[in-house]
Amino acid sequence: MWGWSFVHEPTAHESCVSCPTTITTADGTHRALVTTPPRINTYHINTVSFIRLELEALGWRPARPGEQAAFAMWHEQRAFHAGNGASIRSRSQRKERRASWAMYPRDVLDQIDDKALLAQYVRTLGTADGMIPTTYLTVAEMDADPTDGGLFFLKLSSVDAALGVWCLDSKQAVAEAVELRSLPSGTFVIQREVAAPRLHDGRKCSVRGFVVVWGRTLWLWSEFLVKVHSAPYTLDSTAKAVHVESRGGSKGITALRGTELQTHAADLAEMRRLIKTTFSPWATTLEDSPAWACGQYALVGLDFLFDRNNRGFLIEANCSPCLIDTAAFTNGIKRELARAVCHTFINPKGATPTLLNADFVACT
């Protein structure tokens with residue numbers, strides 16, 4: 001899980017190429033101006049990453065020790081090593097770094113990253129029906145629904161991937177699982193299975209879409225990752241390999257490109273519809289901190305399921321999407337995502353692009 005942040009502070013001389021390099025003093029002599037060395041096209045990255053290679057392909061270079069960079073990237077769960085060798089561990093310390101660009105604070109993004117908060121938020125929009133699978137916030141809510149039968153998914157609110165998800169075959173099994181784990185309200189959600197999910201070669205599949213939140217606008221990347229489960233689909237089993245496990249890199253998971261599907265254009269339009277309806281209101285409430293001259297942004301991963309009528313459902317949001325990429329398990333898609341983001345959003349060096357790359361579609 002990666003966090004990205006621009007940290008470019010152009011001086012007057014950096015931002016104006018016509019600035020003079022000398023001044024004339026009162027006695028008529030010339031004296032050279034002392035200017036801040038340009039910091040544009042420099043980066044700090046605290047781990048080996050293909051994003052570094054993309055930036056270098058664009059002519060960027062590593063920032064020298066003590067030099068502030070135009071772009072910085074750090075692992076969300078590790079220390080960020082500043083150019084002077086200092087280790088910045090707390091979020092509050094990171095926020096004290098003066099910057100032109102910054103990722104939205106984690107507590108802001110948690111509004112949609114947390115599954116229970118996301119379900120509550122969608123309910124306030126009055127569009128929960130048909131946007132997300134039928135979702136209950138408590139066992140009592142589930143029991144109050146007279147509809148019975150089918151599979152249920154018990155999900156921990158703040159745990160990503162399959163580690164915090166269990167497939168269960170009855171309301172009683174769900175209630176027992178909640179009691180066994182002593183889960184208080186607000187720490188989990190219960191979702192019904194999407195009826196007749198779309199299959200690929202007889203196996204369930206989920207879609208990971210990537211969205212850049214930029215200037216309170218949501219930009220959906222036109223390519224997406226299709227993750228095909230490892231075991232054939234059946235309602236007679238609650239095994240994770242059948243219904244839950246779809247992490248890239250897991251044994252037996254197949255990764256496809258969205259553009260490989262005949263339904264690519266229709267899927268992209270459906271994802272755009274869901275994003276526009278669900279997240280556009282949220283994006284407009286984001287407040288840019290006065291400390292950031294050019295605003296803030298975020299890269300968000302959104303997971304979807306489609307039924308056999310190609311109707312989409314939003315499953316969850318991940319505000320720190322994993323960007324680890326291997327040809328075997330993610331088909332090189334995340335590497336291309338990094339390239340598209342670098343060329344479209346990062347390379348302009350803090351200036352909002354007037355012509356966005358056709359790879360990104362506005363969800364407005």
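The values are calculated or read from the model by the stated rules, or taken from the named source; none is laboratory data. What you are looking at is a predicted structure, and each value in this text was computed from that prediction instead of being measured. Cβ atoms come from the backbone with ideal geometry, glycine included; neighbour counts cover every protein chain shown. Accessible surface is based on the protein model in full, side chains and every heavy atom, while ligands, DNA and RNA are left aside. Shrake-Rupley method; radii C 1.70, N 1.55, O 1.52, S 1.80 Å.
Residue by residue, here is whether (1) in contact with a Ser or Thr (Cβ under 6 Å, 6 or more places away or on another chain); (2) open to solvent by less than 40 Å² (accessible area, probe 1.4 Å) holds:
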position: Pro197; (1), (2): no, yes
position: Val207; (1), (2): no, yes
position: Val212; (1), (2): no, yes
position: Leu225; (1), (2): no, yes
position: Val228; (1), (2): yes, yes
position: Tyr233; (1), (2): no, no
position: Ala239; (1), (2): no, no
position: Ser246; (1), (2): yes, yes
position: Leu256; (1), (2): no, yes
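Where in segment 105-182 are the helices (runs of 4 or more DSSP H), entirely inside, with at least 1 residues that are free of Cβ contacts under 8 Å to residues at least 40 places away in the same chain, in contact with a Leu (Cβ under 9 Å, 6 or more places away or on another chain) and open to solvent by 40 Å² or more (accessible area, probe 1.4 Å)?
Passing ranges, in order: 115-125, 171-180.
Would you tally the residues in segment 264-288 being open to solvent by less than 40 Å² (accessible area, probe 1.4 Å) and outside any helix (DSSP H, G or I)?
Result for segment 264-288: 1.
Please tell me if Gln93 is open to solvent by 40 Å² or more (accessible area, probe 1.4 Å), under 24 Å from Leu274 (Cα atoms) and either modelled with pLDDT of 80 or more or in a helix (DSSP H, G or I) (or both).
Spelling it out, it is not the case that Gln93 is open to solvent by 40 Å² or more (accessible area, probe 1.4 Å), under 24 Å from Leu274 (Cα atoms) and either modelled with pLDDT of 80 or more or in a helix (DSSP H, G or I) (or both).
What's the total number of residues in segment 314-335 that are at pLDDT 85 or above and open to solvent by 20 Å² or more (accessible area, probe 1.4 Å)?
Adding up the residues that qualify gives 2.
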